[in-house]
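K.L.:
Provided herewith is a single structure, encoded as structure tokens, for subsequent inquiry.
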Amino acid sequence: MANASVKKQAQANLVAIKNLHIASAIINALYIISYLLFRRPGSIKSYLILSLPAWIIEYQLDRIGRPKYSPQNGSLVSAGEDLSQAGLTEWLWDIVYVTWGCDILGFIIGRTWVWLIYLVIPTYGSYMAYTSFIGPMLKQRAAAAEGPSATEAASKKKEKKQKVKHAR
């Protein structure tokens, strides 16, 4: 039974990788064709530079997610990493999707400014870094700096409450 889940993951990874390559080929071909045929004012240099991260990520997802089979008997050796897992893998897929969105808008609208949408990636990354790491760390430092005085005030309040209870 455990082997069945590994085979399912391997199959799901193969489907995801196949769909990734097909969609990438179609979207990139449409962009290049629209650039060449319609003489859009968009820059091919910006397209190449800003599509490069998605191509690198596509290669990386293929490399980590592709199942590995034994060359001797063809049995499954490794199902590859789960390409549907949350975390970094999910973030990589999001970068690919944003790049494809910019490509699609680029060949529909034909303007270079659509690549400004790409700024959503570092903006979201900065937001997540601040809310997950930097913000809590700063709050913890501020609490540590105020710690003794806040603790003393809280302990004085507790003492007063205890005195009132004992007085009754």
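Just so you know, all these numbers are worked out from the coordinates, no wet-lab data involved. Every value quoted in this text rests on a predicted model; they were computed, and no experiment measured them. Glycine also receives a Cβ, built like all others from the backbone with ideal geometry; neighbour counts cover every protein chain displayed.
K.L.:
Got at least one residue in the stretch 38-59 being closer than 26 Å to Glu90 by Cβ and among the polar types (S, T, N, Q)?
P.N.:
Scanning the stretch 38-59, I find at least one residue that is closer than 26 Å to Glu90 by Cβ and among the polar types (S, T, N, Q), so the answer is yes.
K.L.:
In addition: Hey, among the residues in the stretch 84-131 that are in a loop (DSSP other than H, G, I, E, B) and in contact with a Pro (Cβ under 7 Å, 6 or more places away or on another chain), which one's nearest to Val15 (Cα to Cα)?
P.N.:
Taking the stretch 84-131 as the starting set, the residues that turn out to be in a loop (DSSP other than H, G, I, E, B) are 84-87, 110-111.
Within this subset, residues satisfying the condition of being in contact with a Pro (Cβ under 7 Å, 6 or more places away or on another chain) are 110-111.
On the way: Gly110: 32, Arg111: 33 Å.
Looking at the filtered set, the residue picked out is Gly110.
K.L.:
Let me ask something else. Evaluate the following for Ala25: is it in a helix (DSSP H, G or I) and loosely packed, with under 13 Cβ neighbours inside 10 Å?
P.N.:
It is true that Ala25 is in a helix (DSSP H, G or I) and loosely packed, with under 13 Cβ neighbours inside 10 Å.
K.L.:
Out of curiosity, is Leu83 in contact (Cβ under 8 Å) with a residue 24 or more places away in the chain, surrounded by 13 or more Cβ atoms within 10 Å (Cβ to Cβ), closer than 18 Å to Trp115 by Cβ and not charged (D, E, K, R)?
P.N.:
In short, no.
K.L.:
Looking at Glu90, Glu81, which one is out of contact with any helix residue (DSSP H, G or I) (no Cβ under 7 Å at 6 or more places or on another chain) and more than 19 Å from Ile49 (Cα to Cα)?
P.N.:
Just a single option satisfies the conditions, and that option is Glu90.
K.L.:
Against the condition outside any strand (DSSP E or B), surrounded by fewer than 16 Cβ atoms within 10 Å (Cβ to Cβ) and free of Cβ contacts under 8 Å to residues at least 40 places away in the same chain, how does Ile64 come out, does it pass? Explain how you work it out, then say what you get.
P.N.:
Details: outside any strand (DSSP E or B): yes; surrounded by fewer than 16 Cβ atoms within 10 Å (Cβ to Cβ): yes; free of Cβ contacts under 8 Å to residues at least 40 places away in the same chain: yes.
Against the criterion (outside any strand (DSSP E or B), surrounded by fewer than 16 Cβ atoms within 10 Å (Cβ to Cβ) and free of Cβ contacts under 8 Å to residues at least 40 places away in the same chain), Ile64 qualifies.
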